[in-house]
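The values are calculated or read from the model by the stated rules, or taken from the named source; none is laboratory data. As the structure is a prediction and not an experimental result, all values here were calculated from the model. Quick reminder, even Gly has a Cβ in these numbers, built from the backbone with ideal geometry, and neighbours come from all protein chains shown. For accessibility, only protein heavy atoms count, side chains too; no ligands or nucleic acids. Shrake-Rupley method; radii C 1.70, N 1.55, O 1.52, S 1.80 Å.
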Amino acid sequence: MTQEEFRAAADRAACWIASYMERIRDYPVLARVRSGEIAAQLPANGPEQGEDIGAVLDDFERIVVPGITHWNHPRFLAYFANSGTPPGMIAELLASALNVNAMVWRGSPAATELEQVTLRWLAQWLGLPPEWLGVIYDTASVSTLHALAAAREWADPRARSHGNPPGLTLYCSEQAHSSVEKAAIAIGIGQENVRKIAAGPQFQMNVEALEEALARDRQAGRRPFCIVATAGTTACAAIDPLAPIAALAERERIWLHVDAAYGGAFALLPQMRRLFEGWERADSVVVNPHKSLLTQVDLSVLYTRRPDILRRAFALVPDYLQTPAATINLMDYGVPLGRRFRALKLWFVMRCHGREGMAAILAGHVRLAQQFAMWVAEDERFELAIPAGFSLVCFRLRAPDEPNRALLDRLNESGVAFLSHTVLDGRFTLRLAVGNYQTNLDDLRAVWEKIRSLI
Ligand SMILES: Cc1ncc(COP(=O)(O)O)c(C=O)c1O
């Protein structure tokens, strides 16, 4: 590709993006294709000769876009809705041009140092101790996997060379995200050694039940090594009692990991900061800027007060990667050797929005969720499953599961919005998660009207 061809294609892509953002409300949120429909439009074999990028861009618009579920749509309200904001788009483009691999400091000093600086800013904004080390991974699932491996290293440094000792046991709420159990599987703890502690009526971990489980296991000669508390559960944004759990973990000398993948962003809001009291006593915390903090997928941050332990769990440097003393080589803090320059997009997003701008958007999301919850509460055909938490509303028809499921299907098929579901107290529950920077009151009003028209 010549430089002229590159400029023309990049101009075309930038124009497409600008008009996509302008016209995004015209798209059905959920892709309207059948399984296999996109693949059927693509040749079975890759091209022998290179093609003109214009033709590739044509097919992007003609074949790929119709198969897209529009996560950046203001009425994407499923799972934990997120935002890929324009500053992050520019940064992703630049990062792809630089194409650096931030495995060792000298592999790109700016990539390593920008990561450290942006994560220190973020820690300050969230009220986490600024001296903690932050490391960027792709997802919260991978951040949590690293936290659990560090917890094991702390509990028994011989595990790294000899494998897991018998009896290592992990504790989390029954509402914890499946990534916790998956991480336990991956590091060889085993599902049988994950204790899922009962949650109370507001879906928060029951600390007494946790204490009892620990005592029982100790008596049986087991080795409790990690507690995972959640600040913003996936199902309904519940927050486990962080301060009592932190006190218990300290007394028991057990690693405490806080999964704040979704909820953590809201610590940016002074009025919400108290909800996180106790997380500053944890050993590690995961926060996902790619969920609520206006940053493109993928970018998850693991903070830890014990960087030396995380490093001890993972550092393994072959000859060819030996480097002169440097500030820090981030490859030493995890499984991946190669690391994308993800910090660039976080830096762009943080600088272009500023703390106040990001807080204003998050506060807006909370207000929108509360407004929607109010409409639900005022309509006697519906009920809230639990008061709205952060920017998430869990609600349902006062009816059995089937009509609720049918309502959700009809809404999603309409293209007006995309919502997802969960099960709370054994009952099918609709979830509306506000997380896109363009979502406004008119969007939610349109969704609520649509829902009411479908019953
Ligand atoms: C509380 C919580 N933890 C972890 C995850 C996993 O996030 P990721 O997709 O970044 O692995 C999720 C996903 O929604 C979540 O809600």
**Message:** If you filter region 322-390 for trypsin sites (Lys or Arg not before Pro), then keep DSSP loop positions with at most 16 other Cβ within 10 Å, what is left?
**Reply:** Arg381
**Request:** Quick one: pull the percent of accessible area on region 1-115 belonging to carbon and sulfur, 1.4 Å probe, ligands and nucleic acids left out.
**Result:** 58 percent
**Request:** Would you mind classifying region 68-187 by shape? Square roots of the alpha carbon gyration tensor eigenvalues, ordered a ≥ b ≥ c; an a/c under 1.5 is rounded, otherwise it is prolate if a/b is larger than b/c and oblate if not.
**Result:** oblate
**Item:** Cross-link reach list, lysines versus Lys182, counting only Cα pairs under 24 Å and skipping chain neighbours closer than eight places
**Value:** Lys196, Lys291
**Request:** Figure the gain on full extension for Asp319 and Ile68 (residue separation times 0.36 nm, minus the Cα-Cα span) and round it to one decimal in nm.
**Result:** 85.9 nm
**Message:** With +1 on the Cβ of every Lys and Arg and -1 on the Cβ of every Asp and Glu, and nothing else charged, how large is the dipole of the chain about its Cα centre, in debye rounded to the nearest 20?
**Reply:** 900 debye
**Request:** In square nanometres and to one decimal, what's the mean projected area of the convex hull around the Cα atoms of region 280-350?
**Result:** 6.0 nm²
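With +1 on each Lys and Arg Cβ and -1 on each Asp and Glu Cβ, and nothing else charged, work out how big the dipole of region 319-419 is about its Cα centre, in Debye to the nearest 20.
Once rounded to the nearest 20, the dipole reads 460 debye.
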**Message:** If you count only protein heavy atoms with a 1.4 Å probe, what accessible area per residue comes out for region 66-126, rounded to a whole Å²?
**Reply:** 41 Å²
**Whole-Hz couplings from phi, Karplus 6.51/-1.76/1.60, listed for region 64-70; x for Gly and Pro** = 6, 4, x, x, 9, 8, 8
**Asked** For region 6-56, what is the accessible area per residue in Å², given a 1.4 Å probe and the full set of protein chains?
**Response** 76 Å²
**Item:** Shape call, the chain: gyration tensor on alpha carbons, a/c limit 1.5
**Value:** oblate
**Per residue value of the accessible surface for region 377-419 (all protein chains in place, 1.4 Å probe), Å²** = 43 Å²
**Packing-based ranking, highest mean first, of 303-316, 142-155 given that Cβ atoms within 10 Å are counted** = 142-155, 303-316
**Request:** Quick one: grab the alpha carbon gyration tensor of region 296-455, order the square roots of its eigenvalues as a ≥ b ≥ c, and give me rounded if a/c is under 1.5, else prolate or oblate depending on whether a/b is larger than b/c.
**Result:** prolate
**Asked** Of all the accessible heavy-atom surface of region 141-225, with the other protein chains kept in place and a 1.4 Å probe, what percent is carbon and sulfur?
**Response** 46 percent
